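Taking it in order: structure first as structure tokens, then the write-up.
Laboratory data are not the source of any read-out in this text; all were calculated from the coordinates shown. Since the model is a prediction, treat every value here as computed from it, not as a measurement. Backbone-built Cβ (ideal geometry, glycine too); neighbour counts: all protein chains shown.
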Amino acid sequence: MIRFGVAGWDYKDWWGPVYPVSRPRGFDPLGYLARYYDTIEINSTFYRPAIAGAARGWARRVAHNPSFRFTAKLWQRFTHERDTAWTPDEVASVREGLDPLAESGKLGCVLVQFPWSFKRTPESREWLDDVIGAFTAYPLVVEVRHGSWNVPEFYAALAERQVGIVNIDQPVFRNSIKPGSQVTADVGYVRLHGRNYEHWFAEDAATHERYDYLYTADELKPWLDRIHEVAERAREAYVITNNHFRGQGAVNAAMLRKLYVGGDVEVPPELEESYRSVLAPLGIRAAAPEAPRLPL
């Protein structure tokens, strides 16, 4: 099973390029996307733990797609705020939001995403080991961006604990992790961030500037073999596009699915209209207009 999808769904700049610009009353962006994609990476859980009621609502809103699974980013307290040790209460608050998704059968895995500054040192290895231990109840995948982690010992350690590794596409500088097709657990993961070299490390760059990038079909094609290698070795695989500005990730997720799987690939009518010059050459078309409403 390979699921192609996007990172997040709640973006103001998606009204028009992805969702109806008219914003119909009761329109549900999450349910709308779940008609076209089989996975979405939950972005909000990076900034704060999910509330249990909200998580149950997310699961209910995608129930019309039996194949759909979420992936959820771990709270940044455990990946980016490493000056002080976390508390048992902080672990519990994360679990409170993740458990409803797991119990509903809609949680594919939890993404433990570290920044480029997280380098392979004894202290970092201990921190990572403790994070894995704290959340071992869930399928985990780890993303590291610094090249110091690209050693056999690291992948072997993840495999020993059945923790997945994230294969990323990012602007490649001297000490950056390069594209790969590693698999260390039952869950395989591919994550494309875009290649915006100008703003990737710019301290004054807004988030939307860092992820403002649209891959061409030729840029995506080398990933097809890597995705195949991941899928061959994993029980299930997730392919996530994180270049979210103005729905470009939604475009590239559809393109990857078309290039890899073939067949009919449908996208929201708004997306086809906004990116027809990119989608039409691949035979990607719009579905019949329909605006899912929030479920009762």
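At residue 13 and residue 225, where each label point lies 7 Å from the Cα along Cα→Cβ, what is the point-to-point distance in nanometres?
Label-label distance for residue 13 and residue 225, simple model: 3.3 nm.
Taking R0 as 25 Å, what's the FRET efficiency between residue 235 and residue 130 from their Cβ-Cβ distance, rounded to 0.05? Don't jump to the answer; show the numbers that get you there.
Numbers: r = 26 Å, r/R0 = 1.05.
Given R0 = 25 Å and the Cβ-Cβ separation, E is 0.40.
Residue 48 to residue 218: FRET efficiency via 1/(1 + (r/R0)^6), r the Cβ-Cβ distance, R0 41 Å, to the nearest 0.05?
Here the calculated transfer efficiency is 0.60.
Which one of 57, 179, 238 has its Cα pushed farthest toward the positive end of the charge dipole of the stretch 2-286, where Lys and Arg give +1 and Asp and Glu give -1 at the Cβ?
Result: 57.
Can you put 80, 244 in order of Cβ neighbours within 10 angstrom, beginning with the fewest?
Placing the least packed residue first, the sequence is 80, 244.
For the chain, set up a GNM with springs between Cα atoms under 10 Å and report which of 62, 251, 261 has the largest fluctuation.
Largest GNM mean-square fluctuation: 261.
Report the relative contact order of the stretch 2-286, percent, no decimals, based on alpha-carbon pairs under 8 angstrom and at least 6 residues apart.
Normalised by residue count, the contact order of the stretch 2-286 is 20 percent.
Which angle between 0 and 90 degrees, to the nearest 10, do you get for helix 222-233 versus the longest principal axis of the chain when only C-alpha atoms count?
That works out to roughly 60 degrees.
Counting only residues 5 or more places away or on other chains, whose amide H sits under 5 Å from the amide H of residue 190 once H atoms are built in the peptide plane?
Here the answer is 167, 238, 239, 240, since their amide H atoms fall under 5 Å of that of residue 190.
Only four residue types carry charge here, +1 at the Cβ of Lys and Arg and -1 at the Cβ of Asp and Glu. Report the dipole size of the chain about the Cα centre in Debye, rounded to the nearest 20.
Using Cβ point charges on Lys, Arg, Asp and Glu, the chain gives about 500 debye.
How high is the FRET efficiency between residue 264 and residue 176 when r is their beta carbon distance and R₀ equals 45 Å, given to the nearest 0.05?
Computed FRET efficiency for residue 264 and residue 176 comes out at 0.80.
In the stretch 26-47, which residues have a backbone nitrogen under 17 Å from the label point lying 7 Å from residue 282's Cα in the Cα-to-Cβ direction?
The answer is 36-40.
Run through the DSSP bridge list for the stretch 2-286 and note the antiparallel percent, rounded to the nearest 5.
Restricted to the stretch 2-286, the bridges split so that about 5 percent are antiparallel.
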